[in-house]
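Reading through the structure tokens given below for one structure.
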Amino acid sequence: MKFSTKAIHAGQEPEPTTGAIMTPIFQTSTYVQEGLHKHKGYEYARTQNPTRTALEECLAALENAKYALSFGSGLAAEGNIMNLLSSGDHVVCGDDVYGGTYRLFEKVWKRYGISFDFVDASDASKVAKAIKPETRLVWLETPTNPLLRLCDIKAVADVVKNDKTAKIKPALVVDNTFASPYLQNPLDMGADIVVHSVTKYLGGHSDVVGGAVMCNRDDLYETLKYHQNAVGAVPGPFDCFLVLRGIKTLAVRMEAHQKNAMAVAQYLEKHPLVEKVMYPGLPSHPHHELAKKQMRGFGGMVSFVIKGGEEGARQFLGTTKLFSLAESLGGVESLMCHPVSMTHGSIPKEERDARGVVDALIRLSVGIEDQDDLIKDLETGLAKVKLLAEAK
Ligand code: P1T
């Protein structure tokens, strides 16, 4: 089956007792057993729920994975992967990742004796150099949040495969949230685990928080599944239903997102108040050639640096009507975010500056509204930036 067909049908059969075409929301915490251990495969809803099973089968199909597990948030999904590790283990992580991921690693898992090195993972040789005997995971985001840089998944997978330094072969984890499975399937390129915040493009309507982990390896799946139940950060059935429903239109939404994002990126690149635009679809992007090779499109996220530093950003933020100032991304409506004070505020300023997450950086999640309306909205907003306009 091709992608759009899987998005609508994978894991979903008409409900057998009534024929209902939509997967029901099995709002139950437990299941009656006919006799001791005589049941229909469901015992307790933390362990299994039919709405969740349908979602997990659909998510696995979209990532060409053997297995998928779903969670109550993207960070809960990340925590499930971190549960694979023990005190003394080491993780090599890309240096441009969601601020909450950085916080989870630096403020939570570090306290449990796990160490981290953050490196520019767009250069696979830097990943190779950072691997130590204790390294158990290599963790990438691509495209990255918020700088939209790319990592060459295949090149990093080869580094991990050929590594001779680590005592146990590390697993390669790719956070595929920004691309969505519509544009990229990291397992096909050699990743061991894919993680998603399904809150974003998979859910697609800014009405649900959730996460997912996909993999092909039986050994990894057994441990991840064990921890999904033992730790218990599972999504509720209504949330699973919302994500299943969102996924049905993922293919058409992503096409619309990226068409609008390209137009917005091209518009901003020509604007006199804009210093730099980051969008993998622009020939000026340093990883444009890799994006063409690795992805099936360039996605719906655009970041840019406005002239005038932090003051420039402050004057612009909140001036638009269609681009709402809010955290998150990947919904049908357009959002704008100031990473240094919002999504990436937990990263110390020196580290942010060193990575290019500067005070004048603005991140757009370009929605699927009318393209002309979106550009007009940005134009009207930029025209209100007085200090900058005067300095022009
Ligand atoms: O918010 P949650 O569902 O827990 O997902 C965390 C997460 C994981 N990975 C990436 C790449 C993400 O962008 C996120 C969440 N990001 C935002 C809320 C944001 O505005 O960037």
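Output the number of residues of region 255-292 satisfying the condition of being under 11 Å from Phe304 (Cα atoms) and either in contact with a Pro (Cβ under 7 Å, 6 or more places away or on another chain) or crowded, with 23+ Cβ neighbours inside 10 Å (or both). Final tally of qualifying residues: 5.
Check whether at least one residue in region 368-382 is within 16 Å of the ligand (Cβ to nearest atom), under 20 Å from the mean Cα position of the chain (by Cα) and touching a residue at least 12 places away in the same chain (Cβ under 8 Å), and report yes or no. Looking for residues that are within 16 Å of the ligand (Cβ to nearest atom), under 20 Å from the mean Cα position of the chain (by Cα) and touching a residue at least 12 places away in the same chain (Cβ under 8 Å), one finds none in region 368-382, hence no. Looking at Gly331, Gly299, just one residue is touching a Ser or Thr at 6+ places or on another chain (Cβ under 6 Å), closer than 25 Å to Thr101 by Cα, buried (at least 20 other Cβ atoms within 10 Å of the Cβ) and not assigned by TED's automatic domain parsing to the domain that holds Gly211, and that residue is Gly331. Look at (1) over 17 Å from the mean Cα position of the chain (by Cα); (2) within 13 Å of the ligand (Cβ to nearest atom); (3) of a type in the set (S, T, N, Q) and you find that Thr177 fails only one, number (1).
Where in region 272-359 are there strands (runs of 3 or more DSSP E), lying fully within it, with 3 or more residues that are away from the ligand (no atom under 14 Å from the Cβ) and within 21 Å of Asp95 (Cα to Cα)?
Ranges flagged: 274-278.
Of all the residues in region 92-112, those that are within 9 Å of the ligand (Cβ to nearest atom), of a type in the set (Val, Ile, Thr) and open to solvent by 50 Å² or more (accessible area, probe 1.4 Å) number 0. Applying the criterion of being touching a residue at least 12 places away in the same chain (Cβ under 8 Å) and open to solvent by 10 Å² or more (accessible area, probe 1.4 Å) to the residues of region 44-59, the residue that is farthest from the ligand (Cβ to nearest atom) is Tyr44.
A quick yes/no check of all residues on (1) acidic (Asp, Glu); (2) assigned by TED's automatic domain parsing to the domain that holds Lys200; (3) in contact with an Asp or Glu (Cβ under 8 Å, 6 or more places away or on another chain):
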position	(1), (2), (3)
Ala76	no, yes, no
Ile81	no, yes, no
Asp89	yes, yes, yes
Glu106	yes, yes, no
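Selection of strands (runs of 3 or more DSSP E) fully inside region 129-200 by the criterion of at least 1 residues being in contact (Cβ under 8 Å) with a residue 60 or more places away in the chain and of a type outside the set (D, E, K, R) returns 171-175, 193-197. Criterion first (over 30 Å from Ala251 (Cα atoms) and either open to solvent by 10 Å² or more (accessible area, probe 1.4 Å) or touching a Cys at 6+ places or on another chain (Cβ under 6 Å) (or both)) does Ala76 satisfy it? Criteria not met by Ala76.
The values are calculated or read from the model by the stated rules, or taken from the named source; none is laboratory data. Computed from a prediction, not measured in an experiment: that's the story for all the values here. Virtual Cβ from ideal backbone geometry, glycine too; neighbours counted across all protein chains shown. Accessible surface is based on the protein model in full, side chains and every heavy atom, while ligands, DNA and RNA are left aside. Shrake-Rupley method; radii C 1.70, N 1.55, O 1.52, S 1.80 Å.
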